[in-house]
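Structure first, commentary second.
The values are calculated or read from the model by the stated rules, or taken from the named source; none is laboratory data. Note that the coordinates shown come from a computational prediction; the quantities given were computed from them, not determined experimentally. With ideal geometry, Cβ positions are generated from the backbone for all residues, glycine too; neighbour counts draw on all protein chains shown. To get the accessible areas, we keep the full protein, side chains included, count just its heavy atoms, and leave off ligands, DNA and RNA. Shrake-Rupley method; radii C 1.70, N 1.55, O 1.52, S 1.80 Å.
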Amino acid sequence: MCAIVGVINSKDAAKTAYYALFAMQHRGQEASGISASEYGRIETVKGHGLVTEVFSKKSFEALKGDMAIGHNRYATAGKNSAADAQPISANCALGPISVVHNGNLVNKDEVRNALIAEGAIFQSNMDTENIVHLIARNHGEHLRDRIVSALKQIKGAYCLLIQSRHKIFAIRDRWGVRPLSLGRLKDGGYIVASETCAFDLVGAKFIRDVEPGEMIVFENGKSEFESVRLFEAEPRVCAFEYIYFARPDSVIEGKSVYEVRKKMGETLAKKSKIDADFVVPVPDSGTPAALGYANAIGI
């Protein structure tokens with residue numbers, strides 16, 4: 001699961017990221033974190049617990065700037081330790097970077113062992129740290145080149161936000177396994193988030209989904225973004241986003257999660273033909289399906 005958010009060219013970006021993470025709390029309750037960029041520096045606040053438990057007024061005194069990325073953690077790789085909270089921040093030859101990731105890398109161990117053999121020192125158990133090392137150890141002149149090189153060495157599902165001092169890179173794997181959407185904030189800035197329900201809380205307008213195999217590059221102070229096709233798209237959206245993961249008021253790949261769940265219930269009713277007296281939903285994700293089931297069989 002996990003939730004990621006990026007806010008670009010918007011005043012108090014970290015606070016907007018905070019509210020977006022709050023709206024996506026259902027995607028991960030183990031840890032939360034935000035990195036913000038200002039004056040060429042990146043500051044990170046993260047910790048165990050819910051969004052409201054991790055961040056305080058003091059947190060936002062440190063998280064200044066009009067660019068920020070954030071993460072809610074649901075552990076699928078690594079352990080439940082403080083070192084495994086995201087964002088992961090590091091300093092490399094091109095300056096500080098911070099990374100958040102939703103997904104799983106299937107060649108995690110292979111890449112990690114090769115990096116360790118070359119002298120890399122890991123601080124966490126997460127597959128996400130592989131990406132940081134691959135970027136840092138590359139000798140490309142530009143961060144974009146290093147990111148592309150790193151992506152060619154990893155396999156699996158990933159939605160990534162990579163923040164530098166002046167840019168944010170939003171990336172979705174070629175299969176689009178995990179969702180990632182792009183919106184416009186009222187002040188003209190942009191927001192990228194795992195689910196569109198985050199846009200509703202911060203008053204952002206949905207633009208489109210980040211396409212499978214696409215990288216979007218945002219730069220501080222620029223009103224336009226650049227779209228780069230990294231891989232040929234082979235869409236394989238995870239069915240469990242519609243069944244269970246996503247909030248029912250989100251829209252994924254143009255489909256209302258609520259309406260999809262309701263339709264699933266209707267389809268199940270047509271196939272099951274059970275002589276039932278009533279239908280009992282299992283909250284929360286099962287409720288629309290139960291409504292569809294009940295409507296279809298008239299009870």
For the chain, what % of the accessible area comes from carbon and sulfur atoms, probe 1.4 Å?
52 percent
Taking the stretch 157-299, how many lysine pairs are there with alpha carbons less than 20 Å apart, if each pair must be eight or more places apart or span two chains?
11
What whole-number distance in Å separates the alpha-carbon centres of the stretch 1-45 and the stretch 186-255?
15 Å
Could you work out the longest stretch of the chain that avoids the chymotrypsin sites (Phe, Trp or Tyr not before Pro) located in DSSP loops with at most 11 other Cβ atoms within 10 Å?
40-277
Hey, got the dipole for the chain? About the Cα centre, +1 on K and R Cβ, -1 on D and E Cβ, debye to the nearest 20?
100 debye
For the chain: accessible area per residue (Å², 1.4 Å):
46 Å²
Calculate for the chain the 222 nm mean residue ellipticity that helices alone would give, adding -39,500 (n - 2.57) per DSSP H run of length 4 or more and normalising by residue count, nearest 500 deg cm²/dmol.
-8000 deg cm²/dmol
Kindly state, as a whole number, the per residue volume in cubic angstrom of the convex hull around the alpha carbon atoms of the chain.
135 Å³
Quick one: compute a quarter of the convex hull surface over the Cα atoms of the stretch 1-148 and quote it in nm².
8.6 nm²
ILE243 to PHE231: extension gain in nm, 0.36 nm per residue of separation minus the Cα-Cα distance?
1.6 nm
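How high is the FRET efficiency between THR52 and LEU268 when r is their beta carbon distance and R₀ equals 41 Å, given to the nearest 0.05?
Working from the Cβ atoms, E equals 0.65.
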Within the chain, what's the longest run with no trypsin sites (Lys or Arg not before Pro) in a DSSP loop and at most 16 other beta-carbon atoms within 10 Å? Give the range, please.
80-151
Can you put HIS101, HIS139 in order of accessible area, largest first, using a 1.4 Å probe?
HIS139, HIS101
Checking the a/c ratio against 1.5 first, then a/b against b/c, what shape does the Cα gyration tensor give for the stretch 153-270?
oblate
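Tell me the GluC sites (Glu not before Pro) within the stretch 1-63 that lie in a loop according to DSSP and have at most 13 other beta-carbon atoms within 10 Å.
Sites meeting the loop and neighbour criteria: none at all.
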Normalised contact order of the chain, rounded percent, pairs of Cα under 8 Å and 6 or more residues apart
16 percent
First select every other residue whose beta carbon is under 13 angstrom from the beta carbon of ALA233; then total the charges, Lys and Arg +1, Asp and Glu -1.
-3
The stretch 1-40 - Rg (one decimal) and Dmax (whole number), Cα, Å
10.8, 33
The stretch 1-158: relative contact order from alpha carbon pairs under 8 Å, six or more residues apart, as a whole percent, is 23 percent
Full extension from GLU224 to VAL282: what is 0.36 nm times the residue separation minus their Cα-Cα distance, to one decimal in nm?
16.5 nm
Determine the sum of side-chain charges near GLY265: Lys and Arg each +1, Asp and Glu each -1, restricted to other residues whose C-beta is under 13 angstrom from that of GLY265.
+3
